Amino acid sequence: MGSHSLGKRWRMSNSKKPKSSSGREGFLIFMVVSCGILASLSLNSMTNPGGSDGPKDASQVSELAKKKDKPVALVDVPLSSGNEPLDKLFAQSGCAVCHTIPGIAPAKGRQGPKLVLGTNGPIRLADPNYQGTAESVREYIQESILSPGVYIVPGYSDRVMPRWYGKRLNAKALDRIAGYLENIEE
């Protein structure tokens, strides 16, 4: 065969009409839809294992998926709302575990100093070892909660008071705690 007949055959084989790809496209569409359905069912069974009413729309499902993948951090869990009765506020905030607080029944702790800050607050503010910026007993209490290393009460460890309170106490809870403690006297 000459070069002329090879060229003719090449043109003939390449001039054939392309095969229809609608079969392949249909299969791909089917696979994508199937995967979407399976993913939805899987997500629904993970977020709603008991079969009760779960999320109703895609944004709720998406939000649940994001929360499920993100681990809960300590700062995500509030200690209190600030609306609780004072006994409960001090207990939920953890103060009652380490401190004795007059008037707060569950507060019988001994790891931290007794919180009679109406009496001790002015003394601590005047102490030459005090390195904080508070100018009132109320500010001193808030500073002691938010930045506990600023002043260490003599006889107590620097590492007993948690350093994360500022991230887990809201402003209302902090204000109510300080308001109560600034009026407690020995």
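Computed from the coordinates by the stated procedures, all read-outs in this text should not be read as laboratory data. What you see is a predicted model; the values in this text were computed from it and never measured. Heads up, the Cβs are rebuilt from the backbone with ideal geometry, glycines too, and the neighbour counts pull from every protein chain shown.
Which length gain, in nm to one decimal place, applies between Val160 and Tyr130 when the Cα-Cα distance is subtracted from 0.36 nm times their residue separation?
Values: separation 30, 0.36 × 30 = 10.80 nm, distance 1.79 nm.
The Val160-Tyr130 span can extend by a further 9.0 nm.
Do any chymotrypsin sites (Phe, Trp or Tyr not before Pro) in segment 126-186 lie in a DSSP loop with no more than 14 other beta carbon atoms within 10 Å, and if so, which? Provide the component values of the computation, followed by the final result.
Values: sites: Tyr130, Tyr140, Tyr151, Tyr156, Trp164, Tyr165, Tyr180; in loops: Tyr130, Tyr151, Tyr156, Trp164.
The qualifying sites are Tyr156, Trp164.
Assuming a viscosity of 0.890 mPa s and a temperature of 25 °C, what translational diffusion coefficient in µm² per second does Stokes-Einstein assign to segment 95-147, Rh being the Kirkwood radius over Cα pairs?
210 µm²/s
Compute the distance in nm between two label points, each set 7 Å from the Cα along the Cα-to-Cβ direction, one at Leu146 and one at Val97.
Here the answer is 2.3 nm between the modelled labels.
In Å, what Rg and Dmax follow from the Cα atoms of segment 86-181?
Cα only, segment 86-181: 12.3, 35 Å (Rg, Dmax).
Which whole-Hz ³J(HN,Hα) couplings does segment 176-183 yield from phi under the Karplus relation 6.51 cos²θ - 1.76 cosθ + 1.60, θ = phi - 60°, glycine and proline marked x?
5, 5, 5, x, 6, 5, 5, 9
If you add up the charges near Val137, with Lys and Arg at +1 and Asp and Glu at -1, over every other residue whose beta carbon is less than 12 angstrom from its beta carbon, what do you get? Provide the component values of the computation, followed by the final result.
On the way: positive: Arg124, Arg138; negative: Glu135, Glu139, Glu143, Glu182, Glu185.
Cβ neighbours under 12 Å give a net charge of -3.
Taking amide hydrogens as modeled 1.01 Å from N in the peptide plane, which residues meet the under 5 Å criterion relative to His99, leaving out close sequence neighbours?
Gly109, Gly112
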